[in-house]
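S.K.: Take a look at the following structure, please.
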Ligand SMILES: *Cc1c(COP(=O)(O)O)cnc(C)c1O
């Protein structure tokens, strides 16, 4: 059997939306981006959304709009995709990593306050694998120290914790529409904020800091534009935004299928004594972006290879950011600086999790994992018990 690590869910509605847009005059940022921004803001329950060319771009724009730069420090997690920490370096600030909780893999809120210095300006929490950081508690910590919060919500479109969704308590929340994310247009992103004036600034900064977008220059009589800030070129195209609209309509249905698959994995692996990060039960909806298991660190790479030999697509999300060559050499991190994140990074394997995954594929993946971890009997026993 061959089980791909990921297959997208795009179909005839997305294909038609792209073709329809190609029949209009706008290829770049225009009315379709605007429609999606409004629909996504309504979905999230926030005032404003600005589409961007990626989540990395959205993170960069958020820090730029908050005027964070050289000499400033930004607290974040070592257990994320490199984009999270790279955005801090892109504005010339310094990342300060805080180790993660061993049960969830989320940044450990108990450790944040001791990492705050007079230079600290912001925190970037990552809602890892789809489970949100406790935003009420983090907002309280940030307010007591006068810090901004920029949420990396690349995994967390559908998430909610204690009634709070991404973008509602943060100063900005950044989303990704990269190929494997819960909603995709190949490459793309968005920034959500409850502050209209911040959204306005981000709209300018995503387009060189120009006062008028291409759409605004086109509609009506020609008006001169000006440049007010040094910005970037981080806008989304209209045909990409058009692809996102039908997906937004099916987002809950697709989340439900991933939730079902994740629960099957959890039941199988609990029965087989295989560890995985816990989704906390109380009033907490994980967006279920990634399903990872934590295996013995000495056999992780062997298991990774053996799963591939059996036709199972795998990934590693993530080895700790400070362990990469760049962070080790340029920022002088040493092995052992963030023991919990580093240990998870040595143990983790991500398994296939997407709506088109079939029940028999889920079962096959579970059986492969259990047999490779030497827990096949336990899995069979658990299945028999029901
Ligand atoms: C995918 C991802 C990003 C980057 O998203 P892009 O849209 O590819 O820039 C950032 N943070 C996390 C946690 C991600 O998984």
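S.K.: Can you say whether residue 89 is farther than 16 Å from residue 173 by Cα, within 12 Å of the ligand (Cβ to nearest atom) and at pLDDT 95 or above, as far as the supplied structure shows? Talk me through it step by step, then tell me what you get.
M.R.: Values: farther than 16 Å from residue 173 by Cα: yes; within 12 Å of the ligand (Cβ to nearest atom): no; at pLDDT 95 or above: yes.
The answer is no for residue 89.
S.K.: Would you pick out the residues in segment 325-341 that are assigned to a helix (DSSP H, G or I) and surrounded by fewer than 17 Cβ atoms within 10 Å (Cβ to Cβ)? Spell out how you get there, then give the answer.
M.R.: Initially, segment 325-341 is screened for residues assigned to a helix (DSSP H, G or I), giving 325-330, 339-341.
325, 326, 328, 329, 330, 339, listed by residue number.
S.K.: Could I ask something else about it? Could you tell me whether residue 51 is in a loop (DSSP other than H, G, I, E, B) and over 26 Å from residue 145 (Cα atoms)?
M.R.: Judged against the criteria, residue 51 is not a match.
S.K.: Check whether at least one residue in segment 186-205 is more than 16 Å from the ligand (Cβ to nearest atom), over 21 Å from the mean Cα position of the chain (by Cα) and over 22 Å from residue 47 (Cα atoms), and report yes or no.
M.R.: no
S.K.: Limited to segment 154-169, what total is found for residues that are under 24 Å from residue 69 (Cα atoms) and free of Cβ contacts under 8 Å to residues at least 40 places away in the same chain?
M.R.: The qualifying residues number 1.
S.K.: Among the residues of segment 206-225, is any part of a strand (DSSP E or B) and crowded, with 17+ Cβ neighbours inside 10 Å? Can you show your working first?
M.R.: Within segment 206-225, the first condition is being part of a strand (DSSP E or B), and the residues that meet it are 207, 210.
Among the residues that remain, those that are also crowded, with 17+ Cβ neighbours inside 10 Å are: 207, 210.
The answer is yes; a qualifying residue exists.
S.K.: Right, here's the next one. Would it be correct to say that residue 344 is within 13 Å of residue 5 (Cα to Cα) and either in contact with a helix residue (DSSP H, G or I) (Cβ under 9 Å, 6 or more places away or on another chain) or outside any loop (DSSP other than H, G, I, E, B) (or both)?
M.R.: On the way: within 13 Å of residue 5 (Cα to Cα): no; either in contact with a helix residue (DSSP H, G or I) (Cβ under 9 Å, 6 or more places away or on another chain) or outside any loop (DSSP other than H, G, I, E, B) (or both): yes.
No.
S.K.: Output the number of residues of segment 58-68 satisfying the condition of being in contact with a helix residue (DSSP H, G or I) (Cβ under 9 Å, 6 or more places away or on another chain) and either within 14 Å of the ligand (Cβ to nearest atom) or free of Cβ contacts under 8 Å to residues at least 60 places away in the same chain (or both). Steps first, please.
M.R.: Filtering segment 58-68 down to residues in contact with a helix residue (DSSP H, G or I) (Cβ under 9 Å, 6 or more places away or on another chain) leaves 58-66, 68.
Remaining after also requiring either within 14 Å of the ligand (Cβ to nearest atom) or free of Cβ contacts under 8 Å to residues at least 60 places away in the same chain (or both): 58-63.
The qualifying residues number 6.
S.K.: Further, regarding this structure: Report yes if some residue within segment 209-229 is within 14 Å of the ligand (Cβ to nearest atom) and either over 24 Å from residue 314 (Cβ atoms) or more than 16 Å from the chain's Cα centre (by Cα) (or both); otherwise report no. Can you show your working first?
M.R.: Start the filter on segment 209-229 by keeping residues that are within 14 Å of the ligand (Cβ to nearest atom), which leaves none.
No; the residues of segment 209-229 include none that is within 14 Å of the ligand (Cβ to nearest atom) and either over 24 Å from residue 314 (Cβ atoms) or more than 16 Å from the chain's Cα centre (by Cα) (or both).
S.K.: Return the only residue of 177, 148 being closer than 20 Å to residue 54 by Cα and in contact with a helix residue (DSSP H, G or I) (Cβ under 8 Å, 6 or more places away or on another chain).
M.R.: Values: 148 fails: closer than 20 Å to residue 54 by Cα.
Result: 177 is the single residue among 177, 148 that is closer than 20 Å to residue 54 by Cα and in contact with a helix residue (DSSP H, G or I) (Cβ under 8 Å, 6 or more places away or on another chain).
S.K.: Shifting gears a bit: I need the full set of residues from segment 17-38 which are within 25 Å of the chain's Cα centre (by Cα) and outside any helix (DSSP H, G or I), in order please.
M.R.: 28, 29
S.K.: So for segment 247-258 (the condition being outside any helix (DSSP H, G or I), in contact with a strand residue (DSSP E or B) (Cβ under 6 Å, 6 or more places away or on another chain) and either closer than 26 Å to residue 37 by Cα or free of Cβ contacts under 8 Å to residues at least 12 places away in the same chain (or both)), does at least one residue qualify?
M.R.: Filtering segment 247-258 for residues outside any helix (DSSP H, G or I) gives 250.
So of that shortlist, the ones also in contact with a strand residue (DSSP E or B) (Cβ under 6 Å, 6 or more places away or on another chain) come out as none.
No, there is no match, as no residue in segment 247-258 is outside any helix (DSSP H, G or I), in contact with a strand residue (DSSP E or B) (Cβ under 6 Å, 6 or more places away or on another chain) and either closer than 26 Å to residue 37 by Cα or free of Cβ contacts under 8 Å to residues at least 12 places away in the same chain (or both).
One line per residue, one yes/no per condition, for (1) at positive phi; (2) assigned to a strand (DSSP E or B); (3) modelled with pLDDT of 95 or more; (4) more than 15 Å from the ligand (Cβ to nearest atom):
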residue: 102; (1), (2), (3), (4): no, no, yes, yes
residue: 110; (1), (2), (3), (4): no, no, yes, yes
residue: 114; (1), (2), (3), (4): no, no, yes, yes
residue: 129; (1), (2), (3), (4): yes, no, yes, no
residue: 136; (1), (2), (3), (4): no, no, yes, yes
residue: 144; (1), (2), (3), (4): no, no, yes, yes
residue: 150; (1), (2), (3), (4): no, yes, yes, no
residue: 158; (1), (2), (3), (4): no, no, yes, no
residue: 166; (1), (2), (3), (4): no, no, yes, no
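S.K.: Tell me which residues, restricted to segment 168-184, are under 25 Å from residue 352 (Cβ atoms) and near the ligand (Cβ under 10 Å from one of its atoms). Quick ask: steps written out before the conclusion?
M.R.: Step one: of segment 168-184, the residues under 25 Å from residue 352 (Cβ atoms) are 175-184.
Answer for segment 168-184, where residues must be under 25 Å from residue 352 (Cβ atoms) and near the ligand (Cβ under 10 Å from one of its atoms): 175, 176, 177, 178, 179, 180, 181, 184.
S.K.: As an exercise: evaluate residue 154 against (1) within 12 Å of the ligand (Cβ to nearest atom); (2) assigned to a helix (DSSP H, G or I); (3) touching a helix residue (DSSP H, G or I) at 6+ places or on another chain (Cβ under 7 Å) and give the number of the one condition it does not meet.
M.R.: It is condition (2) that residue 154 fails.
S.K.: Something else now. Quick check on residue 263: is it within 30 Å of residue 43 (Cα to Cα) and touching a residue at least 24 places away in the same chain (Cβ under 8 Å)?
M.R.: Numbers: within 30 Å of residue 43 (Cα to Cα): yes; touching a residue at least 24 places away in the same chain (Cβ under 8 Å): no.
The answer is no for residue 263.
S.K.: Hey, another quick one. Just one of (1) out of contact with any helix residue (DSSP H, G or I) (no Cβ under 9 Å at 6 or more places or on another chain); (2) within 16 Å of the ligand (Cβ to nearest atom) trips up residue 42, so point out which.
M.R.: (2)
S.K.: OK, next. Scan segment 22-47 and report the pairs whose first residue is closer than 20 Å to residue 217 by Cα and whose second residue is assigned to a loop (DSSP other than H, G, I, E, B), with Cβ atoms within less than 7 Å and a gap of 6+ or a chain change.
M.R.: Correct list of pairs: 27/237; 28/235; 28/237; 29/213; 29/235; 29/236; 29/237; 33/236.
The values are calculated or read from the model by the stated rules, or taken from the named source; none is laboratory data. Computed from a prediction, not measured in an experiment: that's the story for all the values here. We place every Cβ from the backbone using ideal geometry, glycine too, and count neighbours over all the protein chains shown.
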